[in-house]
Amino acid sequence: MNKEHITTAYQHAKGVFAELGVDTDKALQQLNATPISVHCWQGDDVKGFESPDVALSGGIQATGNYPGAATTPDQLRADMEKAFSLIPGKKRVNLHAIYLDSDEKVERDEIKPEHFTRWVEWAKQQGLGLDFNPTLFSHPKADDGLTLSHPDEDIRNFWIKHVKASRKISEYFGRELGSPSFMNIWIPDGMKDQPVDRLLPRQRLADSLDKALSEKIDPAFHKDAVESKLFGIGAEAYTVGSNEFYLAYAATRGTALCLDAGHFHPTEMISDKISACSIYVQDLLLHVTRPVRWDSDHVVSFDDETQAIMREIVRNDLLNRVAIGLDFFDASINRIAAWVIGTRNAQKALLKALLEPTAKLKAAETTFDFTTRLALTEESHSLPWAAVWDYYCTQNHVPVGFDWMHDVKDYEATVNQVR
Ligand code: RNT
Ligand code: ZN
(Lines give C-alpha, C1' and ligand atoms only; values in the text may rest on other atoms or scores of the structure.)
(Ligands and ions follow the chains in the order given, each with its own letter.)
Protein backbone atom coordinates (compact mmCIF):
# COMPACT_ATOMS: atom_id res chain seq x y z
CA MET A 1 0.00 0.00 0.00
CA ASN A 2 1.10 3.54 -0.75
CA LYS A 3 2.73 5.16 2.28
CA GLU A 4 1.55 8.65 1.41
CA HIS A 5 -2.07 7.52 1.25
CA ILE A 6 -1.70 5.87 4.62
CA THR A 7 -0.30 9.05 6.17
CA THR A 8 -3.05 11.18 4.61
CA ALA A 9 -5.70 8.78 5.86
CA TYR A 10 -4.11 8.90 9.31
CA GLN A 11 -4.14 12.70 9.40
CA HIS A 12 -7.82 12.64 8.47
CA ALA A 13 -8.61 10.04 11.15
CA LYS A 14 -6.67 12.05 13.72
CA GLY A 15 -8.99 14.99 13.06
CA VAL A 16 -12.13 12.87 13.31
CA PHE A 17 -11.04 11.39 16.64
CA ALA A 18 -9.90 14.77 17.98
CA GLU A 19 -13.43 16.10 17.52
CA LEU A 20 -14.58 13.37 19.90
CA GLY A 21 -11.86 14.21 22.40
CA VAL A 22 -9.63 11.26 21.48
CA ASP A 23 -5.88 11.70 20.92
CA THR A 24 -4.74 9.15 18.32
CA ASP A 25 -1.03 9.71 18.98
CA LYS A 26 -1.55 8.94 22.65
CA ALA A 27 -3.56 5.83 21.77
CA LEU A 28 -0.69 4.62 19.58
CA GLN A 29 1.83 5.23 22.35
CA GLN A 30 -0.29 3.15 24.71
CA LEU A 31 -0.72 0.40 22.16
CA ASN A 32 3.00 0.33 21.52
CA ALA A 33 3.75 0.05 25.24
CA THR A 34 1.38 -2.89 25.81
CA PRO A 35 3.00 -6.27 25.33
CA ILE A 36 1.09 -9.25 24.01
CA SER A 37 2.36 -12.55 25.34
CA VAL A 38 2.43 -14.89 22.36
CA HIS A 39 2.21 -18.58 23.23
CA CYS A 40 4.91 -20.78 21.70
CA TRP A 41 2.62 -23.83 21.48
CA GLN A 42 0.74 -22.71 18.35
CA GLY A 43 3.98 -23.48 16.48
CA ASP A 44 4.05 -27.23 17.09
CA ASP A 45 0.54 -28.28 18.21
CA VAL A 46 1.49 -28.35 21.93
CA LYS A 47 4.02 -31.18 21.44
CA GLY A 48 7.13 -29.72 23.05
CA PHE A 49 10.66 -31.11 22.83
CA GLU A 50 10.84 -33.73 25.54
CA SER A 51 10.54 -36.60 23.09
CA PRO A 52 9.03 -36.92 19.61
CA ASP A 53 6.54 -39.57 20.66
CA VAL A 54 4.75 -37.96 23.60
CA ALA A 55 1.03 -37.63 22.92
CA LEU A 56 -0.86 -34.52 23.98
CA SER A 57 -3.08 -35.33 26.96
CA GLY A 58 -5.08 -33.47 29.59
CA GLY A 59 -8.29 -32.99 27.64
CA ILE A 60 -6.90 -30.48 25.16
CA GLN A 61 -6.43 -31.20 21.47
CA ALA A 62 -4.84 -29.64 18.42
CA THR A 63 -6.65 -31.01 15.40
CA GLY A 64 -5.38 -30.88 11.81
CA ASN A 65 -2.24 -32.01 10.01
CA TYR A 66 -1.05 -28.92 8.15
CA PRO A 67 2.54 -29.62 7.08
CA GLY A 68 5.66 -27.81 8.26
CA ALA A 69 5.30 -27.71 12.06
CA ALA A 70 8.43 -26.91 14.07
CA THR A 71 10.07 -29.98 15.57
CA THR A 72 13.13 -28.42 17.23
CA PRO A 73 13.67 -25.35 19.42
CA ASP A 74 15.66 -23.70 16.61
CA GLN A 75 12.81 -24.22 14.14
CA LEU A 76 10.26 -22.91 16.62
CA ARG A 77 12.34 -19.80 17.29
CA ALA A 78 12.82 -19.21 13.56
CA ASP A 79 9.07 -19.54 12.99
CA MET A 80 8.30 -17.12 15.80
CA GLU A 81 10.83 -14.64 14.43
CA LYS A 82 9.07 -14.82 11.08
CA ALA A 83 5.68 -14.26 12.71
CA PHE A 84 7.06 -11.39 14.82
CA SER A 85 8.42 -9.65 11.74
CA LEU A 86 4.77 -9.33 10.65
CA ILE A 87 3.31 -8.23 13.98
CA PRO A 88 3.81 -4.64 15.21
CA GLY A 89 4.47 -3.61 18.81
CA LYS A 90 5.83 -5.21 21.94
CA LYS A 91 5.84 -8.98 22.23
CA ARG A 92 6.56 -11.51 24.94
CA VAL A 93 6.91 -15.25 24.42
CA ASN A 94 5.04 -17.67 26.61
CA LEU A 95 6.82 -21.00 27.09
CA HIS A 96 5.70 -24.27 28.63
CA ALA A 97 8.07 -26.52 30.58
CA ILE A 98 7.99 -29.12 27.78
CA TYR A 99 9.73 -26.61 25.49
CA LEU A 100 13.05 -27.00 27.30
CA ASP A 101 16.09 -26.78 25.05
CA SER A 102 18.35 -29.47 26.46
CA ASP A 103 20.68 -32.00 24.88
CA GLU A 104 19.78 -34.74 27.35
CA LYS A 105 16.48 -36.01 28.72
CA VAL A 106 15.37 -34.24 31.90
CA GLU A 107 12.48 -35.35 34.13
CA ARG A 108 9.82 -32.72 34.81
CA ASP A 109 10.75 -32.42 38.47
CA GLU A 110 14.41 -31.86 37.56
CA ILE A 111 14.13 -28.98 35.10
CA LYS A 112 16.40 -26.03 35.77
CA PRO A 113 17.14 -22.57 34.39
CA GLU A 114 20.12 -24.06 32.51
CA HIS A 115 17.66 -25.95 30.28
CA PHE A 116 16.23 -22.65 29.11
CA THR A 117 19.37 -20.55 28.61
CA ARG A 118 19.09 -20.72 24.82
CA TRP A 119 15.57 -19.31 25.04
CA VAL A 120 16.80 -16.48 27.26
CA GLU A 121 19.71 -15.66 24.94
CA TRP A 122 17.30 -15.54 22.03
CA ALA A 123 14.79 -13.40 23.92
CA LYS A 124 17.55 -10.90 24.78
CA GLN A 125 18.69 -10.76 21.19
CA GLN A 126 15.12 -10.25 19.93
CA GLY A 127 14.07 -7.81 22.66
CA LEU A 128 11.33 -10.09 24.00
CA GLY A 129 10.06 -10.78 27.50
CA LEU A 130 9.40 -14.38 28.55
CA ASP A 131 6.53 -15.99 30.48
CA PHE A 132 6.30 -19.56 31.70
CA ASN A 133 4.00 -22.50 32.47
CA PRO A 134 4.67 -25.73 34.34
CA THR A 135 3.38 -28.63 32.21
CA LEU A 136 1.08 -30.95 34.15
CA PHE A 137 -0.14 -33.02 31.20
CA SER A 138 1.30 -35.23 28.43
CA HIS A 139 3.12 -37.32 31.04
CA PRO A 140 2.62 -40.84 32.52
CA LYS A 141 2.15 -39.34 35.98
CA ALA A 142 -0.88 -37.42 34.65
CA ASP A 143 -2.49 -40.48 33.05
CA ASP A 144 -5.15 -40.84 35.77
CA GLY A 145 -6.42 -37.38 34.85
CA LEU A 146 -5.28 -36.07 38.24
CA THR A 147 -2.02 -34.34 39.20
CA LEU A 148 -1.84 -31.91 42.13
CA SER A 149 -5.15 -33.32 43.43
CA HIS A 150 -4.19 -37.00 43.00
CA PRO A 151 -4.98 -39.26 45.99
CA ASP A 152 -1.43 -40.70 45.84
CA GLU A 153 0.93 -38.50 47.81
CA ASP A 154 3.96 -39.49 45.71
CA ILE A 155 2.26 -38.32 42.55
CA ARG A 156 1.21 -35.07 44.19
CA ASN A 157 4.76 -34.53 45.41
CA PHE A 158 6.19 -35.14 41.97
CA TRP A 159 4.00 -32.39 40.55
CA ILE A 160 4.65 -30.07 43.50
CA LYS A 161 8.35 -30.47 42.76
CA HIS A 162 7.70 -29.69 39.12
CA VAL A 163 5.85 -26.47 39.98
CA LYS A 164 8.62 -25.44 42.39
CA ALA A 165 11.25 -26.10 39.71
CA SER A 166 9.17 -24.12 37.20
CA ARG A 167 9.00 -21.09 39.50
CA LYS A 168 12.81 -21.00 39.56
CA ILE A 169 12.86 -20.92 35.78
CA SER A 170 10.24 -18.19 35.69
CA GLU A 171 12.22 -16.15 38.23
CA TYR A 172 15.33 -16.62 36.09
CA PHE A 173 13.44 -15.27 33.05
CA GLY A 174 12.35 -12.19 34.99
CA ARG A 175 15.80 -11.53 36.40
CA GLU A 176 17.56 -11.92 33.07
CA LEU A 177 15.06 -9.99 31.00
CA GLY A 178 14.12 -7.23 33.42
CA SER A 179 10.35 -7.71 33.56
CA PRO A 180 8.29 -10.11 35.68
CA SER A 181 7.51 -13.46 34.12
CA PHE A 182 3.94 -14.63 34.67
CA MET A 183 3.96 -18.31 35.48
CA ASN A 184 0.53 -19.73 34.86
CA ILE A 185 -0.64 -22.93 36.48
CA TRP A 186 -3.27 -24.86 34.59
CA ILE A 187 -3.89 -28.48 35.51
CA PRO A 188 -6.15 -30.96 33.73
CA ASP A 189 -7.50 -32.53 36.93
CA GLY A 190 -11.07 -33.68 36.60
CA MET A 191 -13.41 -36.58 36.01
CA LYS A 192 -15.36 -37.84 33.05
CA ASP A 193 -18.36 -38.88 35.10
CA GLN A 194 -20.07 -37.63 38.25
CA PRO A 195 -17.63 -37.86 41.16
CA VAL A 196 -18.96 -38.92 44.52
CA ASP A 197 -16.50 -36.75 46.36
CA ARG A 198 -16.10 -33.28 44.89
CA LEU A 199 -14.54 -31.85 48.02
CA LEU A 200 -11.49 -33.96 48.82
CA PRO A 201 -9.70 -33.42 45.46
CA ARG A 202 -10.22 -29.67 45.91
CA GLN A 203 -8.78 -29.78 49.43
CA ARG A 204 -5.79 -31.67 48.11
CA LEU A 205 -5.33 -29.18 45.29
CA ALA A 206 -5.39 -26.22 47.69
CA ASP A 207 -2.87 -27.96 49.90
CA SER A 208 -0.57 -28.91 46.98
CA LEU A 209 -0.66 -25.38 45.61
CA ASP A 210 0.16 -23.92 49.02
CA LYS A 211 3.17 -26.21 49.24
CA ALA A 212 4.28 -25.57 45.66
CA LEU A 213 4.05 -21.79 46.05
CA SER A 214 5.39 -21.55 49.61
CA GLU A 215 8.74 -19.98 48.70
CA LYS A 216 8.58 -16.19 48.44
CA ILE A 217 9.90 -14.89 45.12
CA ASP A 218 10.36 -11.21 44.27
CA PRO A 219 7.35 -10.12 42.18
CA ALA A 220 9.69 -7.91 40.18
CA PHE A 221 10.84 -11.15 38.54
CA HIS A 222 8.07 -13.69 38.89
CA LYS A 223 4.31 -13.83 39.43
CA ASP A 224 2.18 -16.93 39.95
CA ALA A 225 -1.17 -17.18 38.19
CA VAL A 226 -3.88 -19.84 38.39
CA GLU A 227 -6.27 -20.75 35.56
CA SER A 228 -9.71 -22.29 35.99
CA LYS A 229 -11.70 -24.37 33.55
CA LEU A 230 -15.25 -25.58 33.28
CA PHE A 231 -14.56 -28.93 31.61
CA GLY A 232 -12.16 -30.76 29.32
CA ILE A 233 -12.32 -33.75 26.99
CA GLY A 234 -12.53 -36.70 29.38
CA ALA A 235 -13.21 -34.33 32.28
CA GLU A 236 -16.76 -33.41 31.32
CA ALA A 237 -18.46 -33.87 34.68
CA TYR A 238 -15.99 -32.26 37.04
CA THR A 239 -12.87 -30.13 37.05
CA VAL A 240 -11.11 -29.75 40.37
CA GLY A 241 -9.82 -26.27 39.54
CA SER A 242 -13.13 -24.59 38.88
CA ASN A 243 -13.68 -20.83 38.61
CA GLU A 244 -14.84 -20.46 42.22
CA PHE A 245 -11.89 -22.50 43.42
CA TYR A 246 -9.27 -20.37 41.71
CA LEU A 247 -10.90 -16.99 42.18
CA ALA A 248 -11.00 -17.63 45.92
CA TYR A 249 -7.49 -19.09 45.83
CA ALA A 250 -6.04 -16.06 44.04
CA ALA A 251 -7.90 -13.63 46.31
CA THR A 252 -6.78 -15.30 49.54
CA ARG A 253 -3.21 -16.21 48.49
CA GLY A 254 -2.40 -13.08 46.53
CA THR A 255 -1.63 -14.82 43.25
CA ALA A 256 -2.70 -13.54 39.86
CA LEU A 257 -5.84 -14.99 38.29
CA CYS A 258 -5.84 -16.21 34.71
CA LEU A 259 -9.10 -15.92 32.78
CA ASP A 260 -9.23 -18.02 29.60
CA ALA A 261 -11.95 -16.88 27.20
CA GLY A 262 -12.77 -20.51 26.35
CA HIS A 263 -13.16 -21.87 29.86
CA PHE A 264 -16.69 -20.89 30.76
CA HIS A 265 -20.26 -21.64 29.74
CA PRO A 266 -20.85 -20.68 26.09
CA THR A 267 -22.80 -17.51 26.93
CA GLU A 268 -20.58 -16.54 29.84
CA MET A 269 -17.99 -13.94 28.83
CA ILE A 270 -14.70 -13.12 30.53
CA SER A 271 -15.11 -9.46 29.50
CA ASP A 272 -17.71 -9.14 32.25
CA LYS A 273 -15.44 -10.80 34.82
CA ILE A 274 -12.46 -8.44 34.53
CA SER A 275 -13.89 -5.54 36.55
CA ALA A 276 -15.32 -7.77 39.30
CA CYS A 277 -12.11 -9.77 39.71
CA SER A 278 -9.99 -6.62 39.65
CA ILE A 279 -11.52 -5.53 42.96
CA TYR A 280 -10.23 -8.61 44.77
CA VAL A 281 -7.22 -9.71 42.74
CA GLN A 282 -4.28 -7.41 42.02
CA ASP A 283 -3.01 -8.98 38.79
CA LEU A 284 -5.05 -10.60 36.08
CA LEU A 285 -3.70 -12.65 33.20
CA LEU A 286 -5.80 -13.29 30.13
CA HIS A 287 -5.76 -16.21 27.75
CA VAL A 288 -7.36 -14.56 24.77
CA THR A 289 -8.72 -17.28 22.51
CA ARG A 290 -11.86 -18.08 20.53
CA PRO A 291 -14.14 -20.78 21.80
CA VAL A 292 -16.37 -22.40 19.20
CA ARG A 293 -19.13 -24.28 21.03
CA TRP A 294 -16.58 -25.64 23.52
CA ASP A 295 -13.01 -24.92 24.66
CA SER A 296 -11.81 -25.28 21.10
CA ASP A 297 -8.90 -22.82 21.10
CA HIS A 298 -9.50 -21.33 17.65
CA VAL A 299 -7.34 -18.47 16.40
CA VAL A 300 -8.34 -15.13 17.94
CA SER A 301 -10.77 -13.31 15.71
CA PHE A 302 -11.70 -9.62 15.63
CA ASP A 303 -15.01 -10.58 17.19
CA ASP A 304 -17.34 -8.95 19.69
CA GLU A 305 -15.85 -10.64 22.72
CA THR A 306 -12.24 -9.84 21.88
CA GLN A 307 -13.25 -6.21 21.44
CA ALA A 308 -15.27 -6.27 24.67
CA ILE A 309 -12.30 -7.69 26.59
CA MET A 310 -10.02 -4.91 25.40
CA ARG A 311 -12.65 -2.24 26.08
CA GLU A 312 -12.99 -3.46 29.66
CA ILE A 313 -9.24 -3.18 30.20
CA VAL A 314 -9.06 0.31 28.72
CA ARG A 315 -12.28 1.75 30.13
CA ASN A 316 -11.34 0.68 33.66
CA ASP A 317 -7.77 1.86 33.32
CA LEU A 318 -6.41 -1.63 33.97
CA LEU A 319 -3.65 -1.78 31.36
CA ASN A 320 -0.98 -2.10 34.05
CA ARG A 321 -2.86 -4.78 35.99
CA VAL A 322 -4.06 -7.04 33.19
CA ALA A 323 -1.44 -9.05 31.31
CA ILE A 324 -2.64 -10.01 27.85
CA GLY A 325 -1.69 -13.50 26.71
CA LEU A 326 -2.94 -15.63 23.83
CA ASP A 327 -3.88 -19.31 23.91
CA PHE A 328 -4.92 -21.18 20.78
CA PHE A 329 -3.60 -24.10 18.77
CA ASP A 330 -4.90 -24.73 15.29
CA ALA A 331 -3.05 -27.44 13.35
CA SER A 332 -5.26 -27.15 10.27
CA ILE A 333 -3.79 -23.92 8.88
CA ASN A 334 -0.34 -22.41 8.43
CA ARG A 335 0.88 -22.02 12.01
CA ILE A 336 2.79 -18.80 11.42
CA ALA A 337 -0.29 -17.26 9.85
CA ALA A 338 -2.26 -18.38 12.91
CA TRP A 339 0.07 -16.38 15.18
CA VAL A 340 -0.05 -13.35 12.90
CA ILE A 341 -3.83 -13.36 12.54
CA GLY A 342 -4.50 -13.93 16.23
CA THR A 343 -1.97 -11.44 17.57
CA ARG A 344 -2.84 -8.69 15.09
CA ASN A 345 -6.52 -9.17 15.95
CA ALA A 346 -5.84 -8.80 19.66
CA GLN A 347 -3.86 -5.62 18.93
CA LYS A 348 -6.53 -4.22 16.60
CA ALA A 349 -9.16 -4.79 19.27
CA LEU A 350 -6.94 -3.06 21.82
CA LEU A 351 -6.35 -0.11 19.50
CA LYS A 352 -10.07 0.24 18.79
CA ALA A 353 -10.70 0.30 22.54
CA LEU A 354 -7.98 2.94 23.02
CA LEU A 355 -9.66 5.07 20.35
CA GLU A 356 -13.12 4.86 21.85
CA PRO A 357 -14.61 8.20 22.97
CA THR A 358 -14.82 6.77 26.48
CA ALA A 359 -15.06 10.11 28.31
CA LYS A 360 -18.10 11.13 26.27
CA LEU A 361 -19.72 7.72 26.75
CA LYS A 362 -19.14 7.82 30.50
CA ALA A 363 -20.59 11.34 30.67
CA ALA A 364 -23.74 10.13 28.89
CA GLU A 365 -24.06 7.23 31.29
CA THR A 366 -23.60 9.35 34.43
CA THR A 367 -26.38 11.66 33.32
CA PHE A 368 -28.64 8.70 32.50
CA ASP A 369 -28.65 9.70 28.83
CA PHE A 370 -28.75 6.11 27.64
CA THR A 371 -29.88 7.17 24.16
CA THR A 372 -26.65 9.09 23.59
CA ARG A 373 -24.69 6.19 25.12
CA LEU A 374 -26.16 3.72 22.61
CA ALA A 375 -25.96 6.09 19.63
CA LEU A 376 -22.32 6.98 20.26
CA THR A 377 -21.36 3.37 21.03
CA GLU A 378 -22.76 2.26 17.72
CA GLU A 379 -21.34 5.17 15.69
CA SER A 380 -17.89 4.64 17.20
CA HIS A 381 -17.67 1.19 15.56
CA SER A 382 -17.38 2.87 12.17
CA LEU A 383 -14.92 5.59 13.14
CA PRO A 384 -11.74 5.41 11.01
CA TRP A 385 -9.75 3.34 13.50
CA ALA A 386 -8.43 1.11 10.68
CA ALA A 387 -6.55 4.10 9.20
CA VAL A 388 -4.82 4.47 12.57
CA TRP A 389 -3.95 0.76 12.53
CA ASP A 390 -2.45 0.94 9.04
CA TYR A 391 -0.37 3.93 10.06
CA TYR A 392 0.80 2.05 13.16
CA CYS A 393 1.92 -0.87 10.97
CA THR A 394 3.96 1.40 8.68
CA GLN A 395 5.51 3.13 11.71
CA ASN A 396 6.53 -0.29 13.01
CA HIS A 397 7.84 -1.47 9.62
CA VAL A 398 5.42 -4.38 9.32
CA PRO A 399 3.17 -5.02 6.33
CA VAL A 400 -0.13 -3.18 6.04
CA GLY A 401 -3.33 -5.16 5.47
CA PHE A 402 -3.19 -8.56 3.80
CA ASP A 403 0.34 -7.94 2.44
CA TRP A 404 1.89 -10.02 5.22
CA MET A 405 0.43 -13.17 3.69
CA HIS A 406 3.02 -13.07 0.86
CA ASP A 407 5.80 -13.34 3.43
CA VAL A 408 4.11 -16.29 5.08
CA LYS A 409 3.65 -18.06 1.72
CA ASP A 410 7.30 -17.47 0.78
CA TYR A 411 8.48 -18.79 4.12
CA GLU A 412 6.17 -21.77 3.81
CA ALA A 413 7.63 -22.69 0.42
CA THR A 414 11.27 -22.18 1.38
CA VAL A 415 11.30 -23.27 5.02
CA ASN A 416 8.20 -25.11 6.27
CA GLN A 417 7.74 -27.33 3.23
CA VAL A 418 11.33 -28.52 3.13
CA ARG A 419 11.39 -29.72 6.74
C1 RNT B 1 -6.11 -25.60 28.69
C2 RNT B 1 -5.65 -24.26 29.13
C3 RNT B 1 -4.17 -24.03 29.12
C4 RNT B 1 -3.48 -24.63 27.90
C5 RNT B 1 -2.03 -24.27 27.76
C6 RNT B 1 -1.33 -25.14 26.80
O7 RNT B 1 -7.47 -25.68 28.53
O8 RNT B 1 -6.28 -23.26 28.39
O9 RNT B 1 -3.89 -22.70 29.26
O10 RNT B 1 -4.14 -24.28 26.72
O11 RNT B 1 -1.43 -24.24 28.99
ZN1 ZN C 1 -5.61 -21.25 28.65
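The values are calculated or read from the model by the stated rules, or taken from the named source; none is laboratory data. Small disclaimer: the values here were computed from a predicted structure and weren't measured. No Cβ is skipped: glycine too gets one built from the backbone with ideal geometry, and neighbour counts run over all protein chains shown. Ligands, DNA and RNA are excluded from the accessible area calculation, which covers all protein heavy atoms including side chains. Shrake-Rupley method; radii C 1.70, N 1.55, O 1.52, S 1.80 Å.
When Leu286, Leu230, Leu213 are checked against the criterion of being closer than 30 Å to Gly178 by Cβ and within 14 Å of ligand 2 (Cβ to nearest atom), a single residue qualifies: Leu286. Screening Ile270 on (1) more than 29 Å from Gln194 (Cβ to Cβ); (2) within 15 Å of ligand 1 (Cβ to nearest atom); (3) without any contact (Cβ under 8 Å) to a residue 40 or more places away in the chain shows it passes everything except condition (1). Would you check if Ala308 is away from ligand 2 (no atom under 16 Å from the Cβ), of a type in the set (A, V, I, L, M, F, W, C) and either modelled with pLDDT under 95 or not in a loop (DSSP other than H, G, I, E, B) (or both)? It is true that Ala308 is away from ligand 2 (no atom under 16 Å from the Cβ), of a type in the set (A, V, I, L, M, F, W, C) and either modelled with pLDDT under 95 or not in a loop (DSSP other than H, G, I, E, B) (or both).
Entry remark, the range 273-300: residues being assigned to a loop (DSSP other than H, G, I, E, B), away from ligand 1 (no atom under 16 Å from the Cβ) and either basic (Lys, Arg) or buried (at least 17 other Cβ atoms within 10 Å of the Cβ) (or both) number 2 in total. Cβ separations smaller than 6 Å between residues 6+ apart or across chains give the following pairs from the range 105-125 residues that are under 28 Å from Arg156 (Cβ atoms) to residues that are part of a helix (DSSP H, G or I) and open to solvent by 80 Å² or more (accessible area, probe 1.4 Å): Asp109/Lys161. Cβ-Cβ contacts under 7 Å between residues 6 or more apart (or on different chains), taken from a first residue in the range 373-385 that is in a helix (DSSP H, G or I) and among the basic types (Lys, Arg) to a second residue that is open to solvent by 70 Å² or more (accessible area, probe 1.4 Å) and at pLDDT 95 or above, are listed as Arg373/Glu365. The residue that is farthest from Ala256 (Cα to Cα), counting only those in the range 115-146 that are part of a loop (DSSP other than H, G, I, E, B) and within 16 Å of ligand 2 (Cβ to nearest atom), is Ser138. Any residue that is touching a His at 6+ places or on another chain (Cβ under 9 Å) and open to solvent by 40 Å² or more (accessible area, probe 1.4 Å) - is there at least one of those in the range 134-147? Within the range 134-147, one or more residues are touching a His at 6+ places or on another chain (Cβ under 9 Å) and open to solvent by 40 Å² or more (accessible area, probe 1.4 Å).
From the set of residues in the range 147-177 that are part of a helix (DSSP H, G or I) and aliphatic (A, V, I, L, M), which is farthest from Asp218 (Cα to Cα)?
Ile155
Any residue in the range 40-55 that is touching a strand residue (DSSP E or B) at 6+ places or on another chain (Cβ under 8 Å), among the charged types (D, E, K, R) and within 16 Å of ligand 2 (Cβ to nearest atom)? No, the range 40-55 contains no residue that is touching a strand residue (DSSP E or B) at 6+ places or on another chain (Cβ under 8 Å), among the charged types (D, E, K, R) and within 16 Å of ligand 2 (Cβ to nearest atom). Restricting attention to the range 311-339, the residues that are open to solvent by less than 20 Å² (accessible area, probe 1.4 Å), under 19 Å from Leu257 (Cα atoms) and not in a loop (DSSP other than H, G, I, E, B) add up to 5.
Among the residues that make up the range 224-237, is at least one of them closer than 17 Å to Asn94 by Cβ and hydrophobic (A, V, I, L, M, F, W, C)? Checked the range 224-237: at least one residue is closer than 17 Å to Asn94 by Cβ and hydrophobic (A, V, I, L, M, F, W, C). Report every pair of residues separated by at least 6 positions or lying on different chains whose Cβ atoms are under 6 Å apart, first residue within the range 244-265 and in a helix (DSSP H, G or I) and hydroxyl-bearing (Ser, Thr, Tyr), second open to solvent by less than 10 Å² (accessible area, probe 1.4 Å) and within 15 Å of ligand 1 (Cβ to nearest atom). Partner pairs satisfying both residue conditions: Tyr246/Val226; Tyr246/Ser228; Tyr249/Val226. The selection criterion, being under 22 Å from Pro180 (Cβ atoms), out of contact with any Leu (no Cβ under 9 Å at 6 or more places or on another chain) and away from ligand 1 (no atom under 16 Å from the Cβ), holds for Asn32.
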